[in-house]
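Below: one structure, written as structure tokens.
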Amino acid sequence: MCGFDFKDKYGELGEGFAECHHTIPVSELKDNQKTTLSDLSILCANCHRMIHRASSKGITLSIDELKEKII
């Protein structure tokens, strides 16, 4: 989303590192509802935390809305 590359910053240690974000909050999933790949977004740790921080403050923030804030 933001273009941060852990390998560029941390070398081999950061290669392949990222976090996976559920676009449908796990707390809102129905019993036995399966998560599909389209329900997930790959984010850097900072972007992932900012989306969850917004949520903890009662703000629903989509990936696109966060992207607008950092560009």
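The values are calculated or read from the model by the stated rules, or taken from the named source; none is laboratory data. None of these values were measured; they are calculated from a predicted model. A quick note on method: Cβ atoms are made from the backbone with ideal geometry, for glycine too, and the neighbour counts reach across all protein chains shown. Just so you know, the surface numbers come from the protein's heavy atoms only, side chains and all, with ligands and any DNA or RNA stripped out. Shrake-Rupley method; radii C 1.70, N 1.55, O 1.52, S 1.80 Å.
Per residue, the chain exposes 80 Å² of accessible surface when a 1.4 Å probe is rolled over the protein heavy atoms with every protein chain present.
Carbon-plus-sulfur accessible fraction, the chain (probe radius 1.4 Å, protein heavy atoms only): 51%. Partner aspartates and glutamates whose Cα lies under 20 Å from the Cα of residue 30, excluding those fewer than 8 positions away in the same chain, are identified as 39. Here the simple spin-label model places points 7 Å from the Cα toward Cβ, and for residue 27 and residue 63 these points are separated by 2.2 nm.
Angle, helix 45-56 long axis vs. longest principal axis of the chain, Cα atoms, 0 to 90°, nearest 10? Roughly 30 degrees between the two axes.
Placing one equal scatterer on every Cα of the chain and applying the Debye formula, the log10 ratio I(q)/I(0) at q = 0.13, 0.15, 0.25, 0.27 Å⁻¹ is -0.44, -0.57, -1.16, -1.25. The distance between label points at residue 2 and residue 37 comes to 2.6 nm (points 7 Å beyond Cα on the Cα→Cβ vector).
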